[in-house]
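This structure is in structure tokens; I'll ask about it shortly.
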Amino acid sequence: MTTAPAIELRTFTTLDTVRGDLLNVYADVRAPLLHLPNYAVTAFGERLDRHGAEPGFVAVLAYADGHPVGYAYGNTIEHGDRYWQRTSPTPAEKYTERPAVALKEIGVRPTWRKTGTARRIHDALLATRDEPYVTLMVNPAAGDRKVHALYKSWGYEDIGQSQPSPASPVLTVMIRATQQASTPDTSLVHRSPVARHHQGA
């Protein structure tokens with residue numbers, strides 16, 4: 001891994017000011033897959049709008065010289081949520097009996113991979129959460145299986161499979177405790193006092 005570059009992490013709780021940046025980075029992150037219906041920018045935009053209207057939405061974007069280079073977003077899922085209903089086998093009750101945070105998307109531009117940026121975005125998002133567990137879905141074949149291995153190195157474990165839509169591949173559902181003992185290195189992260197956007201602001 002190369003030396004972590006200086007980035008600014010901005011946290012948003014509404015889509016209004018950040019939707020364009022999310023779509024812009026997504027198109028770069030998923031460029032090789034955009035021809036597939038499930039990965040098209042329009043399909044992502046529809047999912048983003050739906051997720052952005054759901055409880056507990058938060059997005060964290062990384063900016064370098066004012067330009068977005070990576071993102072993650074998620075929201076709260078409750079017991080009985082369709083996320084859990086689509087997971088097979090049924091997850092253990094200890095994961096579902098209380099609200100959890102579902103990390104719906106995370107990605108960094110190709111030129112920013114292997115710099116630690118994705119992990120810093122991920123940890124910054126989780127630092128805002130009170131839910132005991134965080135869960136995500138990953139295509140097990142992504143990046144020649146390296147993406148799944150990366151999430152395992154971050155403390156996630158497999159708990160099942162899910163196919164969120166007919167156009168989606170079968171995904172591996174993973175979970176970990178939201179807060180872990182290790183503390184992320186934020187020495188090179190610059191936070192702006194105007195970066196946080198609150199609901200209704």
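The values are calculated or read from the model by the stated rules, or taken from the named source; none is laboratory data. Note that the structure is predicted; figures quoted are calculated from it, not measured. Every residue, glycine among them, receives a Cβ derived from its backbone with ideal geometry; neighbour counts consider all protein chains shown. When the accessible area is computed, the model is the full protein with side chains, heavy atoms only, and any ligands, DNA or RNA have been set aside. Shrake-Rupley method; radii C 1.70, N 1.55, O 1.52, S 1.80 Å.
Give the relative contact order (percent, whole number) for the chain; include only Cα pairs under 8 Å separated by 6+ residues.
Details: 347 pairs, mean separation 53.2, N = 201.
Relative contact order of the chain: 26 percent.
Given axes a ≥ b ≥ c from the Cα gyration tensor, I'd like to know whether the stretch 57-97 is rounded (a/c under 1.5), prolate (a/b larger than b/c) or oblate.
prolate
GNM, the chain, Cα, under 10 Å: largest mean-square fluctuation among Ala31, Ala118, Ala142?
Ala142
A further question on this structure: Based on the alpha-carbon gyration tensor of the stretch 114-172 and its eigenvalue square roots a ≥ b ≥ c, which shape applies: rounded if a/c is under 1.5, prolate if not and a/b is larger than b/c, or oblate?
Since a/c reaches 1.5 but b/c is at least a/b, the shape of the stretch 114-172 is classed as oblate.
Just to be sure I understand: with springs between alpha-carbon atoms less than 10 Å apart, which residue in Gly160, Gly56, Gly66 has the highest mean-square fluctuation in the Gaussian network model of the chain?
Greatest mean-square fluctuation among the candidates belongs to Gly66.
Now for a different question. Under 20 Å Cα-Cα from Lys104, which lysines qualify once same-chain neighbours fewer than 8 residues away are excluded?
Candidates past the 8-residue exclusion: Lys146, Lys152.
Which whole-Hz ³J(HN,Hα) couplings does the stretch 164-179 yield from phi under the Karplus relation 6.51 cos²θ - 1.76 cosθ + 1.60, θ = phi - 60°, glycine and proline marked x?
Coupling constants for the stretch 164-179: x, 8, x, 7, 8, x, 6, 10, 8, 8, 10, 8, 7, 5, 4, 9 Hz.
Over the heavy atoms of Ser165, what accessible area does a 1.4 Å probe trace out, to the nearest 10 Å²?
Near enough 40 Å² of accessible area.
Would you mind getting the accessible area per residue of the stretch 1-140, heavy atoms of the protein chains only, 1.4 Å probe, in Å²? The partial results should precede the final answer.
Values: 6290 Å² over 140 residues.
Per residue, the stretch 1-140 has 45 Å² of solvent-accessible surface.
Using a Gaussian network model on the chain with a 10 Å cutoff between Cα atoms, which of Gly52, Gly155, Gly107 fluctuates the most?
Greatest mean-square fluctuation among the candidates belongs to Gly155.
Once every DSSP H run of n ≥ 4 in the chain is given -39500 (n - 2.57) and the sum is divided by its residues, what mean residue ellipticity at 222 nm do you get, rounded to the nearest 500 deg cm²/dmol?
It lands at -6500 deg cm²/dmol.
Right, something else. Could you check how much of the accessible area of the chain is carbon and sulfur, as a whole percent, using a 1.4 Å probe?
Numbers: 5440 of 10270 Å².
Within the chain, the accessible surface is 53 percent carbon and sulfur.
Hey, another quick one. Please identify every one of the trypsin sites (Lys or Arg not before Pro) in the stretch 1-106 that sits in a loop by DSSP and has no more than 10 other beta carbons within 10 Å of its own beta carbon.
Of the trypsin sites (Lys or Arg not before Pro), not one in the loops of the stretch 1-106 has a Cβ with at most 10 other Cβ atoms within 10 Å.
May I ask for the net charge around Gln180, where only other residues with Cβ less than 13 Å from the Cβ of Gln180 are counted and Lys, Arg are +1 while Asp, Glu are -1?
Summing Lys/Arg as +1 and Asp/Glu as -1 gives +1.
Heavy atoms only, 1.4 Å probe, whole protein assembly: order Trp112, Trp154 by accessible area, highest first.
So, going from the largest accessible area down, we get Trp112, Trp154.
Can you pull the percent of Cα pairs in the stretch 19-104 with separation above 17 Å? Spell out each step's value before the answer.
Numbers: 2054 of 3655 pairs.
Percentage above 17 Å: 56.
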